[in-house]
Amino acid sequence: MAQIKKKPLRRCAGCGSMKEKTELIRVVKTESGEIKIDQTGKVNGRGVYLCKDPECLRKARKSRALERSLRCSLPPDVYDELGRQLDGG
Ligand SMILES: [Zn+2]
């Protein structure tokens, strides 16, 4: 029987559900204050997570959850890029 490993869960800033990191997309504010969409999960900085679901992005954008988590404003092009990535799968 396969051993069940506990994987760390992260909370989606949109819907608030807990999921494995691999099911989420990570947005990071780097030490230089740059906002990046982190494909690797290895970028250093303050991160916030979203389901790979455009609906969660919409919710997070409406509630400004990403801004609150990252403690800065997000440029519109970050939302655009997120939207593209989530819609494209
Ligand atoms: Zn979600």
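The values are calculated or read from the model by the stated rules, or taken from the named source; none is laboratory data. A quick note: this is a predicted structure, and the numbers were derived from the prediction, not measured. Glycine gets a Cβ as well: all are built from the backbone with ideal geometry, and neighbour counts include every protein chain shown. Ligands, DNA and RNA are excluded from the accessible area calculation, which covers all protein heavy atoms including side chains. Shrake-Rupley method; radii C 1.70, N 1.55, O 1.52, S 1.80 Å.
Against the condition within 12 Å of the ligand (Cβ to nearest atom) and surrounded by 15 or more Cβ atoms within 10 Å (Cβ to Cβ), how does Lys29 come out, does it pass?
On the way: within 12 Å of the ligand (Cβ to nearest atom): no; surrounded by 15 or more Cβ atoms within 10 Å (Cβ to Cβ): yes.
No, not satisfied.
When you scan the stretch 16-24, do you find a residue that is of a type in the set (S, T, N, Q), part of a loop (DSSP other than H, G, I, E, B) and under 19 Å from Arg64 (Cα atoms), even just one?
Initially, the stretch 16-24 is screened for residues of a type in the set (S, T, N, Q), giving 17, 22.
If we keep only those that are part of a loop (DSSP other than H, G, I, E, B) as well, we get 17.
Right, trim to under 19 Å from Arg64 (Cα atoms) and you get 17.
Among the residues of the stretch 16-24, at least one is of a type in the set (S, T, N, Q), part of a loop (DSSP other than H, G, I, E, B) and under 19 Å from Arg64 (Cα atoms), which makes the answer yes.
I need the full set of residues from the stretch 64-89 which are of a type in the set (S, T, N, Q) and in contact (Cβ under 8 Å) with a residue 12 or more places away in the chain, in order please. Write out each step before concluding.
First, pick out the residues of the stretch 64-89 that are of a type in the set (S, T, N, Q): 69, 73, 85.
Correct list: Ser69, Gln85.
I'm trying to understand the selection: among the residues of the stretch 59-89, which are of a type in the set (A, V, I, L, M) and outside any helix (DSSP H, G or I)?
Scanning the stretch 59-89 gives a single hit, Leu74.
Provide a single number: the residues in the stretch 34-89 that are aromatic (Phe, Trp, Tyr) and closer than 17 Å to Arg11 by Cα.
So the count comes out to 1.
Going through the stretch 35-86 one residue at a time, which ones are β-branched (Val, Ile, Thr) and either open to solvent by 20 Å² or more (accessible area, probe 1.4 Å) or within 12 Å of the ligand (Cβ to nearest atom) (or both)? Outline the logic, then answer.
We begin by selecting, within the stretch 35-86, every residue β-branched (Val, Ile, Thr); these are 35, 37, 40, 43, 48, 78.
Correct list: Ile35, Ile37, Thr40, Val43, Val48.
Taking into account only those residues within the stretch 10-20 that are open to solvent by less than 80 Å² (accessible area, probe 1.4 Å) and in contact (Cβ under 8 Å) with a residue 12 or more places away in the chain, which is farthest from the ligand (Cβ to nearest atom)?
Narrowing the stretch 10-20 to residues open to solvent by less than 80 Å² (accessible area, probe 1.4 Å): 10, 12-17, 19-20.
From what's left, in contact (Cβ under 8 Å) with a residue 12 or more places away in the chain: 10, 12-15, 17, 19-20.
Numbers: Arg10: 10, Cys12: 3, Ala13: 8, Gly14: 4, Cys15: 3, Ser17: 6, Lys19: 7, Glu20: 13 Å.
Ranking the qualifying residues of the stretch 10-20, first place goes to Glu20.
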